[in-house]
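All remarks here apply to the structure that follows.
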Amino acid sequence: MPIPTIKVDTLDHAYNGAPPRLLAEATETRNRLYSNRTLPLSMTRRRGLQPPPGMTVESFLAAVDELRRELNGPADLIQINNDAVELVDGWYLDKPATTHDAFHVADPENLASSAVIFPRSTADVQAIVRWANRHTTTGAGKKKRGIPLYPISMGRNLGYGGAAPRVPGGVVLDLGRNMHQIVNLDGANASCVVQPGVTYFALYEAVQKLNESQPEQPLWIDTPDLGGGSVLGNAVDRGVGYTPYGDHFANHCGMEVVLPDGSLLRTGMGALPGPDGADSPAWQSFQHSFGPAVHGLFSQSSLGIVVQMGFHLMPAPPAHQSYCLTFPREDDFAAIVEVIRPLAQRGVLGNIPQLRHVVQELNVTGQPRETFRADKARADPTKPLTAEEVHAAASRLALGDCAWVFYGTQYGATQQALDDQIADITSAFASAIPGTRLVRPEDVPTDHYLHARALVCAGVPVLRELDWLNWVPNGAHLFFSPIAPTRGADARALHDLIKQLHVEHGFDLFPTLCVAGREMHYISNIVYDRADADAKQRAVRLMRAMIAACAARGFGEYRTHLLFADQVARTYSWGGQALLRFHETIKDAVDPQGVLAPGRSGIWPDAYRGEGWELGVDDVDLNVIQPKQSAKL
Ligand code: ADP
């Protein structure tokens, strides 16, 4: 298809743009992705405007008119997703597709919103929540429920549901477009306060400016693999980065939250008012307040809309050095994990390293799978590369043939200290694993992934991981992200299970492990072709099977795509589903009409329960997700 001339905006013009330093790379990435797209750029709605459940198109439009009058803003403050609004997947750096999940795993219209509202302020958010509570309908259980609202910050949570509402016809609150101020940047306290629309790219640029004014204490941000996401949105979804401040929720400090009744709450020391109407001077200093801690209730949550959030920033270390280690055999996996554990527990490793399978050396080149296929006659969407093909292709790339690649970074006072640390780490691995090889950035070409990794591990946001999507045409991905203890035997068991299920369902396995001293996030990225209904169906079946099989071994996901949340939530079933029941009790108390993100994290408000909204292990056809009475979980 001809590459559309969608402009790549820069941050100077658009809150969601690319930093000027990445403009050329962003344009190239976009062109490569579009050259691999065979689907039309936009899709016409077959179902027209889908109002929230229980409402007619007329009653919904009348309610929206009432809100328009109340907000008294420009016409584009509310977008009604009627026939005139096409479904556009776009790409990562566009204004995200707020109409649906751009990485659809089934019919894109099944997760479409009825409208998108772009609040300008906390007061707007409060007014919208109160409006949603005023317009009630009743479900099958005759309980009153309001209009379902789904807050997003940037909506770039691709692989986990993007900007889609869980309930078809839900209303999306796109907070980022009009609320993207860095409210505070405190160089001395090394902290910031941001609104939902502040991206890692934007915060990074602001911190660079601050650093010019305080060269004696330069600061770093922490960024995930891609820099276009919302700092706040990623943290509330408990996303991670790779510097020592990589646990984003753990490094937050203070939130302001609109509750489901429209009232406001501040967490941490912000609960204590400062003098003369000012904020508490300790708000970004101490995460807690007094009494039971509530801030965790607002992560992966449907209990509040976070309108501003504080974060700690890391004082830049004088020196840092990224490197990688390669290991020759597939079977080295458990031994690698055994070596990492004590090194991480003792604080020898500077950051949370990533352990990747060598197949990722192939896909991060941005080339399609079929370029690596030795036997072109085997080109078939259901046939992953064979181990022989992976190793043959890897041997032609910069790291050479190997099985596993460990990407690490050390931070310290001098380059000499870092070199000594890396030598110690290398010998710890080498003494347990024959054939361990150290590779430093100067050993590989400038376009090798190690250089992108080095930037991310120094808090510099980049775009490089988008290249994976070229593996198949119309590439999209789903993340499967279980947690396991950092123990060789557990890691092996988990990996074998996931590998077997990938083989059965016909997908290449792309494991990335973020390994800490006691736990590891095993993140497998299922890359599929959005135009291939069979591939989407297989991806869903694979997810369902992995969730069930891992739970049976005691491994659960830390985060998931919204269509798999019910199944995941119900694997945390200890004590007769005690956790889910507690979540529901809180949900019902705080949000009695279930206006806020019903179904998020598998938690359904009272007014929806018993109607069959939940999607369980047998729900592999996600083209229809409307309630049915017999959900098997
Ligand atoms: P990003 O663009 O950083 O990847 P999103 O904006 O997509 O992140 O947010 C990730 C998820 O977190 C959303 O799907 C939503 O469920 C939740 N979320 C995002 N912003 C807020 C917010 N301001 N308040 C409450 N929940 C939010």
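Each reported figure results from applying straightforward, stated rules to the coordinates on display, with no laboratory input. Here the structure is a predicted model, which is why all the values come from computation and not from measurement. Backbone-built Cβ (ideal geometry, glycine too); neighbour counts: all protein chains shown.
Here are some notes:
- Comparing A123, S322, L61 along the charge dipole axis of the chain, the residue lying farthest to the positive side is L61, per the Cβ-charge model.
- 10 °C / 1.306 mPa s Stokes-Einstein diffusion coefficient of segment 496-589, Kirkwood radius on C-alpha pairs, µm²/s: 107 µm²/s
- The listed peptides 306-314, 573-581, 264-272, ordered by packing as a protection proxy, come out as 306-314, 264-272, 573-581 (highest mean of other Cβ atoms within 10 Å first).
- The charge dipole of the chain, taken about the Cα centre with unit charges on the Cβ atoms of Lys, Arg (+1) and Asp, Glu (-1), comes to about 1200 debye, rounded to the nearest 20.
- Solvent-free Debye scattering, log10 I(q)/I(0), computed from the Cα coordinates of segment 124-176 at q = 0.14, 0.19, 0.21 Å⁻¹: -0.43, -0.71, -0.81
- Shape index of segment 46-174: Rg/Rh, with Rg the Cα radius of gyration and Rh the Kirkwood radius from the inverse mean 1/r over Cα pairs, equals 0.95.
- With the simple spin-label model, which puts each label point 7 Å out from Cα in the Cβ direction, the E388 to T10 separation comes to 5.1 nm.
- The trypsin sites (Lys or Arg not before Pro) of segment 311-419 that meet both conditions, a loop assignment by DSSP and at most 16 other Cβ atoms within 10 Å of the site Cβ, are R329, R346, R396.
- Loop-resident sites, segment 43-74, for trypsin sites (Lys or Arg not before Pro), counting at most 10 other Cβ within 10 Å (DSSP): R46
- Built amide H within the under 5 Å cut-off of V183, gap 5+: V193, V194, Q195
- Distant-in-sequence amide contacts of E519, defined by a placed amide H-H separation under 5 Å and a gap of 5 or more residues or a different chain, comprise T486.
- With the convex hull of its Cα atoms as the shape, the chain has an orientation-averaged projected area of 27.7 nm².
- Phi angles across segment 390-395 convert, under the Karplus curve 6.51 cos²θ - 1.76 cosθ + 1.60 with θ = phi - 60°, into 3J(HN,Hα) values of 4, 5, 5, 5, 4, 5 Hz, Gly and Pro given as x.
- Within segment 570-596: backbone nitrogen closer than 17 Å to the L265 label point (7 Å, Cα to C-beta): 582-596
- In a DSSP loop and with at most 13 other Cβ atoms within 10 Å, the trypsin sites (Lys or Arg not before Pro) in segment 85-157 are K142.
- Karplus 3J(HN,Hα) series, Hz, for segment 408-416 with 6.51 cos²θ - 1.76 cosθ + 1.60 (x for Gly, Pro): x, 9, 10, 10, x, 7, 9, 4, 4
- Linear extension gain, A549 paired with I483, 0.36 nm per residue minus alpha-carbon span: 22.4 nm
- Kirkwood Rh (inverse of mean 1/r, distinct Cα pairs), segment 403-551, angstrom: 17.7 Å
- Against the main long axis of the alpha-carbon atoms of the chain, helix 200-213 sits at an angle near 70°.
- When shorter helices are ignored and each DSSP H run of at least 4 residues is given -39500 (n - 2.57), the per-residue value for the chain at 222 nm works out to -8500 deg cm²/dmol.
- Dimensions (Å) - segment 285-341, Cα atoms, principal axes, largest first: 50, 33, 22
- Couplings 3J(HN,Hα) for segment 323-328, derived from phi with the Karplus relation 6.51 cos²θ - 1.76 cosθ + 1.60 (θ = phi - 60°), are 7, 9, 10, 10, 10, x Hz, where x marks Gly and Pro.
- Gain on full stretching of the segment that runs from Q416 to I80 - 0.36 nm per residue minus C-alpha separation: 115.0 nm
- Relative contact order, percent, the chain [alpha-carbon distance under 8 Å, six or more residues apart]: 15 percent
- Put simply, the amide H of W220, placed in the peptide plane, has neighbours under 5 Å in M314, A316, leaving out anything fewer than 5 places away on its chain.
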